[in-house]
Amino acid sequence: MKLVVVSAGLSSPSSTRLLADRLTAATLGRVDAAPQVIELRDLATEIAQHFVTGFPPARLAAALDAVAAADGLIAVTPVFAGSYSGLFKSFFDLIDKDALTGKPVLLGATGGTARHSLVTEHALRPLFSYLRALVLPTAVYAASEDWGEEGLAQRIARAGAELARFMAPAARDTAPAAVPDVDTGAAIAPRSLTGAVTSMDPTAAFGLVPFEQRLAALRAG
C-alpha cells in the first residue's frame, strides 16, 4: 500500500511539516504502507506554470500521479487569512476531478492561535467532500501552544488509527464482529472507532430487541 503526504508549509523546518510527519508516524504504526511526502513549496513554480500553460512539468505531474495512485492521503496546510493557503488550494485545483473519489483522506492544519481551530471543518472538509474523498472523522489542528501538549498527541494518535483502518484491505473487506447487548445478551450491530453503528454481512444474523423488552429489562434492573 502507498501513503501520500501533502505538506503545504512554506518554511524549512515548518510546523506544518512537523504535523504531517507525526500524522504519518501515527498511521504507519498501525498499517504497513510505503510513505511519500510531497512538499508543495518545492513545486510552487511548476504549479504556476501549469495554470498558465495547461501542461504540468515533470515533477508536478509525478506528484499529481502519486496522489491519484495513493491508498491513503494526509493533507496538511498552514492557515492563511482564516483558510487553507493559496498554494495548497492551487495544488488540489489541479487534481483530476475523479482522482480522490472514495480515497481516505486525513486532514491537518497549523496556525498561530487556537481561534483558527475550525478551519479543518469550514474550509478543508468541504473542499475534499467536493472532490468526493472519504474524509476521516478526526481532523487535527495544531496551534502554536498545542505543541508538547497531551491533547495534540491524543488527537494525532486517534486520526492515524482512523486512516490506518480505512487503508487496510482487511478492515475494509471484513465485516466487524457483532457484540452482545448489555441488557439481553443478544448480538447487536458493532460500532466503529467513532461510535457509529457499522455495516454487517447480511448473512450474519443478530437479534433485534423490541423496545418494550428493553424497557422491561430496565424496570427489572
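The values are calculated or read from the model by the stated rules, or taken from the named source; none is laboratory data. As the structure is a prediction and not an experimental result, all values here were calculated from the model. Because the Cβ atoms are built from the backbone with ideal geometry, glycine has one as well, and the counts that use them run over all protein chains shown. Accessible surface is based on the protein model in full, side chains and every heavy atom, while ligands, DNA and RNA are left aside. Shrake-Rupley method; radii C 1.70, N 1.55, O 1.52, S 1.80 Å.
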Unmet criterion (only one of (1) within 20 Å of the chain's Cα centre (by Cα); (2) more than 29 Å from Ala168 (Cα to Cα)) for Ala66: (2)
Would you please list the contacts, defined by Cβ atoms under 6 Å and residues six or more apart or on different chains, that run from a residue in region 148-171 that is under 22 Å from Ala114 (Cα atoms) and crowded, with 21+ Cβ neighbours inside 10 Å to a residue that is at pLDDT 90 or above and of a type outside the set (A, V, I, L, M, F, W, C)? Ile156/Arg22; Ala159/Thr138; Gly160/Thr27
From the list Tyr130, Tyr141, exactly one residue is among the hydroxyl-bearing types (Ser, Thr, Tyr) and crowded, with 22+ Cβ neighbours inside 10 Å. Which is it? Tyr141
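Which members of region 65-83 meet the condition of being in contact with a helix residue (DSSP H, G or I) (Cβ under 8 Å, 6 or more places away or on another chain) and over 18 Å from Val140 (Cα atoms)? If you could, list the steps in order and put the result at the bottom.
Of all residues in region 65-83, those in contact with a helix residue (DSSP H, G or I) (Cβ under 8 Å, 6 or more places away or on another chain) come to 71-80, 82-83.
Result: Asp71, single match.
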Picking from Lys89, Lys103, Lys97, which residue would you name as being farther than 20 Å from Arg17 by Cβ, within 19 Å of the chain's Cα centre (by Cα) and modelled with pLDDT of 95 or more? Lys103
Would you be able to tell me the number of residues in region 117-146 that are touching a Leu at 6+ places or on another chain (Cβ under 8 Å) and hydrophobic (A, V, I, L, M, F, W, C)? 9
Are there any pairs, at least 6 apart or on different chains, whose C-beta atoms fall under 6 Å, with the first in region 6-31 and touching a residue at least 24 places away in the same chain (Cβ under 8 Å) and more than 17 Å from Phe88 (Cα to Cα) and the second open to solvent by 10 Å² or more (accessible area, probe 1.4 Å) and not in a helix (DSSP H, G or I), and if so, which? Thr24/Pro35; Val31/Ala168
If we scan region 24-32, do we find a residue that is touching a helix residue (DSSP H, G or I) at 6+ places or on another chain (Cβ under 6 Å), modelled with pLDDT of 95 or more and of a type outside the set (Lys, Arg)? yes
Flag if Thr101 is part of a loop (DSSP other than H, G, I, E, B) and not acidic (Asp, Glu): yes
Looking at Tyr84 and the list (1) of a type outside the set (D, E, K, R); (2) in contact with a Gly (Cβ under 9 Å, 6 or more places away or on another chain); (3) touching a residue at least 40 places away in the same chain (Cβ under 8 Å), which single condition is not satisfied? (2)
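Residues that are of a type in the set (S, T, N, Q) and surrounded by fewer than 16 Cβ atoms within 10 Å (Cβ to Cβ): list the strands (runs of 3 or more DSSP E) wholly contained in region 1-94 that include at least 1 such residues.
none
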